[in-house]
Amino acid sequence: MKNHFLLIVFFLFINCKNETPKFVLEPKSVSDTSEKLNTKAAIAIDSVQLELFHSIDLTKFYNSNSNKSVWTISEKRKIILDFLNKSDEEGLNPIDYSVKKLNQFELKYDSLSEDECAEYDVLLTYNLQKYISHLTNGSLNPKKLYKNWDLKENKIDLQKTVSGLLKTDSLSFKLEQLKPNFIVYKRLKKALKIINSFPNDNFIKIEIKGKLVRNDSNSKIIEVKKRLMYWKDLQPKDSLSVIYDSETENAVKKFQKRHGLAADGVIGKGTIMALNFSKNQRKEQIIANLERWKWYPKNMGNEFVIINIPEYRLTLIKNKDTLRVHKVIVGRAKRKTPVLSSKLTQAIFNPTWTVPPTILREDVIPAILKNKSYLANTNIRLIDKNGNVVSARNWSLSNARSFRYVQIPGKFNSLGMVKLIFPNRFSVYLHDTNHRDFFDKNERSLSSGCVRVDNPLELTEYLLDDKENWNLEKITETLQNEKTKYVSIKKEVLFHLLYWTAWSEKNTLIFRDDIYNLDTDLYQKLGNRF
């Protein structure tokens with residue numbers, strides 16, 4: 001009996017041990033059931049549904065997927081919807097991506113018919129492709145908007161990209177990677193978030209004759225103080241006086257600095273114009289700039305020069321570190337500096353200057369007609385079609401366009417002592433100037449399209465990267481002989497002339513004057529309805 005009892009216990013123990021794995025695996029069985037509940041079988045997509053969208057990329061995508069629905073996994077659909085719903089954070093408009101209808105489909109997904117599932121799948125893919133296109137290239141094509149913009153399109157294969165997203169286990173990460181990654185774009189997104197945190201404003205337009213300085217008394221000062229408090233440049237106060245006190249002056253200086261104005265505390269025309277911008281106008285400005293940054297190169301290069309035209313600033317960046325900063329002078333509104341990307345290729349010491357057609361027509365010929373000594377006074381020589389120098393005595397209005405007008409090298413040359421070449425179809429370049437006092441001005445849209453740079457010899461020495469042959473001492477020796485010298489820039493330095501008027505720094509909004517009046521027009525063309 002004792003042996004029988006031990007055998008019974010032994011078999012019970014073995015049976016219990018064999019049952020244990022079944023109990024452990026049960027949660028996996030529940031999980032599998034849950035996944036099946038959140039997944040529907042692929043449904044055939046009718047070609048008629050695809051034709052309704054008139055999209056080659058959409059048709060190509062479904063053709064490559066056997067013309068069947070693809071977004072059968074709930075988690076992936078919800079990730080895509082989340083990006084589309086939050087597209088306003090990128091300066092895009094969620095309305096453009098049919099988010100209302102897509103969200104309704106998702107809410108009742110389990111009860112959708114096969115036709116509705118197919119419709120939802122196609123609509124989701126179409127709007128995902130549109131979102132990716134807008135995210136990587138912008139909603140508009142700059143080449144159709146501006147004659148003086150020359151940027152390569154950020155080409156993307158939508159069919160291949162969405163197919164990759166369909167297969168990835170990191171959908172959210174992959175979608176995030178498609179966004180512009182440059183620091184200014186991120187600061188613009190932060191600026192949009194900051195501007196949205198401000199309450200709606202209903203300020204009256206401020207009008208002041210002349211200028212106001214500290215200790216002046218004026219009834220308009222109260223409106224100025226209200227505006228400064230709204231933008232958080234001045235601490236809130238319970239009562240406001242008409243006196244322009246020192247605390248308000250410090251707030252004005254802070255406001256002026258944020259807007260690229262001379263931070264002198266003087267309330268003049270420029271400060272009043274900036275104060276009169278409403279919250280909505282600033283928001284529109286930020287959205288316009290977010291659109292522009294989607295047009296710009298995704299890869300600026302390992303080492304590059306970037307110029308922000310409205311900021312009058314050149315920055316040299318290597319391995320994401322700022323190495324040099326220079327003031328620049330850019331084209332005035334009637335002779336805008338173009339927006340482009342290129343590569344720095346050559347430095348020219350003691351350059352000659354061939355007068356461009358526009359300057360010849362609008363400046364030089366009228367100047368000669370007023371004063372026959374103009375050519376001699378400016379060291380400009382007339383060169384005929386055979387390359388011969390022609391005496392100024394032979395010049396007349398009737399033959400004025402048959403010559404090239406070339407200014408010889410020297411300290412009076414309009415290009416100064418050095419010229420830096422980056423190939424482009426607009427024939428613009430970086431150069432020194434014989435009016436270096438212009439760099440002391442706050443507003444520096446003064447040129448005829450080319451860009452004048454402050455401290456150009458130090459910049460050139462860095463770019464040539466040859467301490468033995470092209471240090472500052474050797475450069476100075478070359479300049480002193482006043483003979484033109486061409487030197488190749490051997491290192492790979494990309495060059496970007498860009499335009500942006502808004503961003504943020506340390507949770508503070510930064511704006512610059514829209515010197516070419518591009519922001520409002522671009523926002524209107526975007527048709528945003530925020």
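The values are calculated or read from the model by the stated rules, or taken from the named source; none is laboratory data. Everything numeric here is computed off the predicted structure, so don't read it as measured data. Cβ sites come from the backbone with ideal geometry, for glycine too, and all protein chains shown count toward neighbours. In case anyone asks, the SASA skips ligands and DNA or RNA and just uses the protein heavy atoms, side chains included. Shrake-Rupley method; radii C 1.70, N 1.55, O 1.52, S 1.80 Å.
Among residues of the stretch 71-87 that are closer than 14 Å to Thr125 by Cβ, those with a beta-carbon under 9 Å from a residue that is assigned to a loop (DSSP other than H, G, I, E, B) and small (Gly, Ala, Ser) at least six positions away or on a different chain give the pairs Thr72/Ala41; Thr72/Ala42; Leu84/Ser98. Restricting the search to strands (runs of 3 or more DSSP E) fully inside the stretch 380-488 and requiring at least 3 residues that are crowded, with 18+ Cβ neighbours inside 10 Å and either of a type in the set (A, V, I, L, M) or in contact with a Ser or Thr (Cβ under 7 Å, 6 or more places away or on another chain) (or both) gives 418-421, 451-453.
In this structure, Leu369 qualifies as open to solvent by 30 Å² or more (accessible area, probe 1.4 Å) and aliphatic (A, V, I, L, M). The residues on offer are Lys76, Lys22, and the sole one that is part of a helix (DSSP H, G or I) and either at pLDDT below 50 or acidic (Asp, Glu) (or both) is Lys22.
Please indicate, with yes or no, whether at least one residue in the stretch 97-107 is within 30 Å of Asn299 (Cβ to Cβ) and in contact (Cβ under 8 Å) with a residue 12 or more places away in the chain. Scanning the stretch 97-107 turns up at least one residue that is within 30 Å of Asn299 (Cβ to Cβ) and in contact (Cβ under 8 Å) with a residue 12 or more places away in the chain.
Among the residues of the stretch 314-341, the ones that are more than 28 Å from Thr476 (Cα to Cα), in contact (Cβ under 8 Å) with a residue 24 or more places away in the chain and either of a type outside the set (D, E, K, R) or open to solvent by less than 10 Å² (accessible area, probe 1.4 Å) (or both) come to 7 in all. Listed by first and then second residue, the pairs linking a residue in the stretch 112-129 that is closer than 10 Å to Ser98 by Cβ to a residue that is assigned to a helix (DSSP H, G or I) and aromatic (Phe, Trp, Tyr), with Cβ atoms under 7 Å apart and 6 or more places separating them unless they lie on different chains, are Asn127/Tyr97.
Can you work out which of the residues in the stretch 90-112 that are more than 19 Å from Leu290 (Cβ to Cβ) and charged (D, E, K, R) is most open to solvent (accessible area, probe 1.4 Å)?
The residue in question is Lys100.
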